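Rule-based calculations on the coordinates, nothing more; no lab input. Since this is a predicted model, take the numbers as computed values, not measurements. Every residue, glycine as well, gets a Cβ built from its backbone with ideal geometry; the counts of neighbours run over all protein chains shown.
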Amino acid sequence: MGSVTSAPSPAGARWGLGRRIAFRLAFVYLLVYCLPFPLDLLPGSDTLTEKYEVLWQDLVYQVAARFDVDVPMLPNGSGDTTFNYVQLLIQAVITVAVTLVWSVLDRRRPGYVTLHAGLRVYVRYMLFAAMLSYGLAKVLKTQFLFPSLERLTQPLGEMSPMGLVWTFMGYSPGYNLFTGGAEVLGAVLLCFRRTTTLGALVVVAVMSNVAALNYFYDVPVKLLSTHLLLMAGFLLLPDLRRLADFLVLNRAVAPVVLRTPFSTRQVEWGSRAVKVLFLGWCAFSMTREKLQERAEYGDSAPRPPLYGIYTVQSFVWDGQELPPLITDPVRWREITFGPARGARIRMMDDSRQNFRAMVRPEERALVLTRMDRADVPKLLEYEQPDANSLILQGTVGEHTLHVVLEKVDESKYLLLHRRFHWINEVPLNR
C-alpha cells in the first residue's frame with residue numbers, strides 16, 4: 001500500500017509553519033469526513049457502522065437544537081440536507097479544535113513525511129471506492145435508467161432540472177458506458193503508485209463535470225462531489241510544480257522518486273497482500289451489488305403485469321359517464337403503470353396523481369396508494385379483454401368507478417424508435 005512522493009524534501013528537512021498547520025488541518029478533516037471508511041466496506045461491519053451513524057445523528061440533533069435549527073430529514077438520497085450541512089459544520093469545528101491542540105503539543109516536529117504518505121494512501125483508496133461505485137453504476141446502468149413511461153408522457157416544462165439530467169443520461173447506454181468507464185479508469189489508476197497522478201488527473205476531469213451538473217442542475221450531491229474533487233486535487237498537490245513545468249512552461253522535469261512508508265520488506269509485502277484483498281473485495285462486492293440492482297430495477301428488469309400507458313375511452317363515475325371535458329378534475333385522461341410498482345393518473349384538467357400500484361393477479365385486483373399524502377388505498381378489480389384493453393372498476397371512497405382504457409403503442413414515441421444515424425441529410429431537432 002505504498003504512496004507516491006513527488007520531488008520530496010529530504011526526510012530530515014523542516015517544513016514551514018504554514019505547511020505543517022495546513023497538513024494537520026487536511027489530515028484531521030479528511031479522516032473526520034471519510035470515516036467510517038474503509039470499515040463500512042468490510043463484511044461484518046454493519047453493527048459498527050450503524051452505531052457510528054447513530055452517534056452522528058445524536059450529535060447533529062443536539063447541536064441543531066442548541067442553535068434552534070430545524071433538521072427535518074435524516075441522511076437519505078439527498079446529500080445536501082440540513083442534516084448534512086450541520087454535520088459539515090461540526091466536522092469543521094472538530095478539525096480546527098484538534099488541529100489547535102495538535103499544533104501546540106507537536107510544535108517541535110519538523111515535518112510529517114511518513115504521515116503524509118499514509119494519508120495519501122487513505123485518500124487514494126477512498127477515491128478508488130467512490131469512483132468505482134459510481135462508475136459501475138453507470139457501466140451496468142443502475143444509476144440512470146432509460147426514460148420511464150411516466151417521463152414519456154410528462155411535458156418538458158414540468159420536469160425538474162434533476163429530472164432533465166436523469167432523462168438525458170438515462171437515454172443512452174453508450175454515454176453511460178463512456179462516462180462510467182472514465183470513472184472506473186480513474187479508480188483503477190489510483191490503485192498504483194506509478195499512476196496515482198494520472199488517476200487523479202482523470203478524476204479531476206470527471207468530477208469537474210459531475211460537480212458542474214450537480215450545481216447547475218440542482219442535483220443534491222453537491223457536497224459529496226465537491227469533496228471528491230478536492231480529494232483528487234489533494235493527491236495532485238505534490239506534482240503541481242512538475243505538471244506546470246511540463247505542460248505549461250515547457251521545462252525539463254526530473255523523474256519522480258517512488259518510495260513506500262514501510263521500513264522492512266516483510267511489512268511492505270504484507271501491505272501488498274492487504275491491498276490486493278481490500279481492492280479485490282471492493283471490486284467483487286460492488287459489482288455484485290450493482291448486478292443485483294440491475295436485475296431488480298434496471299432497464300431489463302421484469303415488468304409488472306399491467307405495464308404500459310393507457311388512455312381512457314370511457315369513464316363512468318357513480319353510474320354516470322363523464323364527457324372528456326378538459327376542465328374536469330375528476331375524469332381521468334390516462335393512466336401509466338411504470339416498471340417500479342408505480343402508477344400515475346393524469347386528469348382531464350392535466351393535473352397528476354402519483355400512486356404505488358400493487359397488482360394481485362390471482363385476485364384480478366389492483367391496489368392504488370397515494371404517494372404524496374396519507375389516504376385510504378383504492379382497491380379496484382381489473383380485466384384485460386385483450387392485449388390492448390384494460391377495464392378497471394370498484395369503489396373509490398363513497399363513489400363507484402368503471403373505466404375502459406386502451407393501451408398506447410409505445411413505438412409511436414420518437415424518443416423510443418429514433419436511433420443512431422451516420423448520415424443525416426437534415427438535422428432532426430424536435
Computed about the Cα centre, the charge dipole of the chain from +1 Lys/Arg and -1 Asp/Glu charges at the Cβ has a magnitude in debye, to the nearest 20, of 2940
For the chain, the charge dipole (Cβ of Lys, Arg +1; Cβ of Asp, Glu -1; about the Cα centre) points to a positive end, and the Cα of L132, P361, A65 closest to that extreme belongs to L132
In degrees, nearest 10, the alpha-carbon axis of helix 196-216 is tilted away from the dominant principal axis of the alpha carbons of the chain by 40
By the mean-Cβ-within-10 Å protection proxy, highest first, 216-224, 418-426, 128-136 rank as 128-136, 216-224, 418-426
Expected max-MSF residue from A13, A283, A357 in the GNM of the chain (alpha carbon, under 10 Å) is A13
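For R265 and F284, compute 0.36 nm times the residue count separating them, minus their Cα-Cα distance, and round to one decimal in nm.
Full extension from R265 to F284 adds 4.0 nm.
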Checked the stretch 308-412 against the a/c 1.5 cut and the a/b vs b/c comparison, axes a ≥ b ≥ c from its Cα gyration tensor; verdict rounded
If the chain between V367 and L17 were fully extended at 0.36 nm per residue, the gain over the current Cα-Cα distance would be 119.3 nm
Taking a label point 7 Å from the Cα of E381 along Cα-to-Cβ, the residues of the stretch 290-313 whose backbone nitrogen sits under 19 Å from it are 306
Packing-ranked peptide list from 361-368, 140-147, highest mean Cβ count within 10 angstrom first, is 140-147, 361-368
Cα-Cα longer than 24 Å, checked against K138/K222; K141/K222; K138/K412, kept in input order, equals K138/K412
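Per-residue ellipticity at 222 nm for the chain, helices alone: DSSP H runs ≥ 4 residues times -39500 (n - 2.57), over residue total, nearest 500 deg cm²/dmol?
Numbers: 12 runs with 203 residues, N = 430.
Counting only the DSSP helices, I get -16000 deg cm²/dmol.
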For the stretch 100-259, the Cα-Cα pair-distance distribution in 10 Å bins from 0, as whole percents, is 10, 30, 28, 19, 9, 4, 0
The relative contact order of the chain, taking Cα pairs under 8 Å that sit 6 or more residues apart, comes to a percentage of 14
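Using the Cα gyration tensor of the stretch 114-172, with a ≥ b ≥ c the square roots of its eigenvalues, what is the shape: rounded (a/c below 1.5), prolate (a/b larger than b/c) or oblate (neither)? Walk me through the numbers on the way to the answer.
Values: a/c = 6.72, a/b = 3.04, b/c = 2.21.
Judged from the Cα gyration tensor, the stretch 114-172 comes out prolate (a/c at least 1.5, a/b above b/c).
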Options (1) 1.27; (2) 1.02; (3) 0.96 are given for Cα Rg over 2.2 N^0.38 Å, and the computed one is (1)
The helix 17-34 Cα axis meets the longest alpha-carbon principal axis of the chain at an angle in degrees, between 0 and 90 and rounded to 10, of 30
Rounded to the nearest 10, the angle in degrees between the Cα long axis of helix 265-297 and the longest principal axis of the Cα atoms of the chain comes to 10
